[in-house]
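Below is one structure, written out as structure tokens; the observations come after it.
Computed from the coordinates by the stated procedures, all read-outs in this text should not be read as laboratory data. Since we're looking at a predicted model, the values are computed, not measured. As a convention, Cβ positions derive from the backbone with ideal geometry for all residues, glycine included, and neighbour counts pool all protein chains shown.
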Amino acid sequence: MRGIAAFCLPGGALLLLLSLMVRAGLLTAWWPAAAPYVSATVLIAAILLAWRFRRSRALYALMAIALTHILLERLGMQAFGAAALLLPLNLAAAGLLRERGVISRSGLLRLAALLLQPALAATALLLFPRASTRFLLGRFSSSEWLAQSGLPQPSLAAFAVAALALCVGYGIRRSAQDSAFIWALAGAFLALDSRGSGPLPALYLTAAALIVGLSVVEASHRLAYRDELTGLPGRRALEEALASAGGRTTVAMVDVDHFKRFNDRYGHDAGDQVLKMVAARLSEAGGGGQAFRYGGEEFTILFRGCGAEQALPHLERARRAVAAQSFAIRAGRRPRKKPDRPAPKEKGTRRAFVSVSMGVAEAASSQDILSALKGADRALYRAKDEGRNRVVLGR
């Protein structure tokens, strides 16, 4: 359920709300007059956000939406066929491209290619008017189901290809920005399905731009508050959680034992896998505990409304889960491509284990939370002094 909600919010919810408002006639009184101002404000704000946070993929998508909006507003049906074909393909390109920076050779080339598209389309319509119109607005199938749509069949094919490409991209990366591109594509479909006339195209194109702009804010927030390697909330999120904690709270400081030695012996890639595993086990501690990455090989678990004695069984369970997890450390060279048959077991293959030490302290109220954090840190050092791989309750 959490994954479905993350995918549908806010893009899917926004489009659903707008569609219901359109059906109920709640926008007819004010939207036509406000459309030019609202659309321009949203587009400019979203573009500035993408520029400020150096999100080249979002900037490319927003420029494509803005260009389509301008073409439909100024040229109407003359540009409808080209816009309906190019917008979904440009949104798919934005979803598949990698972040290369805005002020970079790659980023400028992308924007130049985008701005060149209307000129190329206009040239084709001018030199080959019949052939171009037949291609952009033509019907290649007599299907009654396809004829019900307000979009030309080449555009429907472009939307289908774009939807498939964006869904594959979201399946691989599962990021807020990739889900935003899918919902922006849906908004573009609703805008162009009305044949580019009336107030609906501006409404749904504005919604598409707003969805992409919100994804920039969400991605920037995640970058600031989430640890990229482990996926846990980071140090800044922990500081805000501690500041808002009230009442009885238990803090546990966790450190991976001999992590530097493990890193030096097996390499940083293996060390990263250790941190991911530890993060996963700590996030499953239970008892309402929330895990954070404190920094390096240190983690923090926060139990709100829970005493230290109540939290100890959950921490012990997490500690045992980490100690029971093993890693296959393979020696020698490994082929880049997976062989058709399993290779003989390498003589140098061995299993490696890691453990964690934990220090726990309790705060009776919000005024004691920083003291509890320091107490948990002192208890952590005691756990290490007493032999590691244990949970020690602060005095």
What's the ranking of 269-276, 65-72 by average number of surrounding C-beta atoms within 10 Å, highest first? 65-72, 269-276
Simple SL model, points at 7 angstrom along Cα→Cβ for Trp145 and Glu228; separation in nm is 4.3
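Can you sort Ser104, Ser357 so the residue with the fewest Cβ neighbours within 10 Å comes first?
Numbers: Ser104 13, Ser357 24.
Exposure proxy ranking, most exposed first: Ser104, Ser357.
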Residues Leu111 and Thr28, FRET efficiency given R0 of 45 Å [Cβ-Cβ distance, rounded to 0.05]: 0.80
With r as the distance between the Cβ atoms of Ala352 and Ala157 and R0 = 35 Å, compute the FRET efficiency 1/(1 + (r/R0)^6) and round to 0.05. 0.10
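Placing +1 at every Lys and Arg Cβ and -1 at every Asp and Glu Cβ, with all other atoms neutral, what dipole size does the chain have around its Cα centre, in debye to the nearest 20? All intermediate terms of the calculation are to be shown ahead of the outcome.
On the way: 50 positive and 27 negative charges, 315 e Å.
Once rounded to the nearest 20, the dipole reads 1520 debye.
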Distance from the Cα centre of the stretch 87-121 to that of the stretch 125-167, in angstrom? 22
Pop the C-beta distance of Ala280 and Ile4 into the FRET formula with R0 = 25 Å and round what comes out to the nearest 0.05. 0.75
For the ranges 205-211, 313-319, what's the packing order if you count other beta-carbon atoms within 10 Å of each residue, average per peptide, and put the highest first? 205-211, 313-319
Place +1 on the Cβ of every Lys and Arg and -1 on the Cβ of every Asp and Glu in the stretch 2-225, take the dipole about the Cα centre, and give the residue among His221, Ala45, Ile4 whose Cα lies farthest towards its positive end. His221
Sparse-neighbour loop sites [trypsin sites (Lys or Arg not before Pro); the stretch 61-122; at most 10 other C-beta within 10 Å; DSSP]: Arg98
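Which of the GluC sites (Glu not before Pro) found in the stretch 223-261 are loop residues per DSSP with 15 or fewer other Cβ atoms within 10 Å of their Cβ? Can you show the working numbers first?
Values: sites: Glu228, Glu239, Glu240; in loops: Glu228.
The qualifying sites are Glu228.
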What is the total of Lys pairs in the chain with C-alpha atoms under 25 Å apart, excluding same-chain pairs fewer than 8 positions apart? 10
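For the stretch 110-168, what does the alpha-carbon gyration tensor say about shape, rounded, prolate or oblate, given a ≥ b ≥ c as the root eigenvalues, a/c under 1.5 as rounded, and a/b over b/c as prolate? Please report the intermediate quantities before stating the final value.
Values: a/c = 3.44, a/b = 1.18, b/c = 2.92.
Taking the square roots of the gyration eigenvalues as a ≥ b ≥ c, the stretch 110-168 is oblate.
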Counting only the backbone N, which residues of the stretch 285-309 are under 19 Å from the spot 7 Å out from the Cα of Ser244 toward its beta-carbon? 288-294, 300-306
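For the stretch 57-159, run through the chymotrypsin sites (Phe, Trp or Tyr not before Pro) and keep only the ones in DSSP coil with at most 10 other Cβ atoms within 10 Å of their Cβ. Walk me through the numbers on the way to the answer.
On the way: sites: Tyr60, Phe80, Phe135, Phe140, Trp145, Phe159; in loops: Phe140.
Those that pass, being in a loop and sparsely packed, number zero.
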Can you give the helix-only mean residue ellipticity at 222 nm for the chain, where every DSSP H stretch with n ≥ 4 adds -39500 (n - 2.57) and the sum goes over all residues, rounded to the nearest 500 deg cm²/dmol? -21000 deg cm²/dmol
For the stretch 233-289 and the stretch 1-36, distance of Cα centres in Å: 39
